[in-house]
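Inspection log for the structure reproduced underneath, given as structure tokens.
Nothing in this text is a laboratory measurement; each read-out follows from the coordinates by a stated rule. Remember, it's a predicted structure, so these values are computed and weren't measured experimentally. Every residue, glycine as well, gets a Cβ built from its backbone with ideal geometry; the counts of neighbours run over all protein chains shown.
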Amino acid sequence: MLKSLSSRGAPEAPKTDTAELRYLAARQFSPQWRTVLVAMADELFENFSAEEAWGFYRQIGLRVSGEVALPSVKTLEELEASLNKVLAELDWGFVALSLDDSAISIRHRAYPGLHMEDQSGHWRRAFAAILEGVYTIWLQTQGGRPEMKATYRDSGGDDALDFSYGL
């Protein structure tokens, strides 16, 4: 349960952007679907309100979380390991978790499409919304209350997507 999760400092990912990291990030976002998914994000964010587009992608995340379940865990370390195992299977990057007051901070790195051309930022927002839905359900199934949710916190130009899970 979330109430029994232990606290620890999460290790930070390397700050440098290397050619190797850019190559790997590009490989995880299949060229077969890259253009379609980016065009879809652009279309939704340009033709609907930001709230409607965000809600659509968040709903996709809620649906994905129902297809990919996490095993029950008892500690923050086990939760992080479980999330990273599932994220690796999906090829969606990795997370570091930490406790922040009454919330769990989620720092998601190496998400699909991280280093592609995305001047509009629509893909970054779309994937953040998907993860917001996924993390909400995944953490609720670990003992979180139904009113608790994951909330994206835009960190600006950083390569990470930051979330807070709590009230």
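Listing for the model above:
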{"item": "Of all residues in segment 109-153 being among the acidic types (Asp, Glu) and in contact (Cβ under 8 Å) with a residue 24 or more places away in the chain, the one that is surrounded by the fewest Cβ atoms within 10 Å (Cβ to Cβ)", "result": "Asp118"}
{"item": "Residues within segment 61-82 that are in contact (Cβ under 8 Å) with a residue 12 or more places away in the chain and either surrounded by 16 or more Cβ atoms within 10 Å (Cβ to Cβ) or within 15 Å of Gly143 (Cα to Cα) (or both), tallied", "result": "13"}
{"item": "Search result, residues across segment 155-167 that are touching a helix residue (DSSP H, G or I) at 6+ places or on another chain (Cβ under 8 Å) and not aromatic (Phe, Trp, Tyr)", "result": "Leu161"}
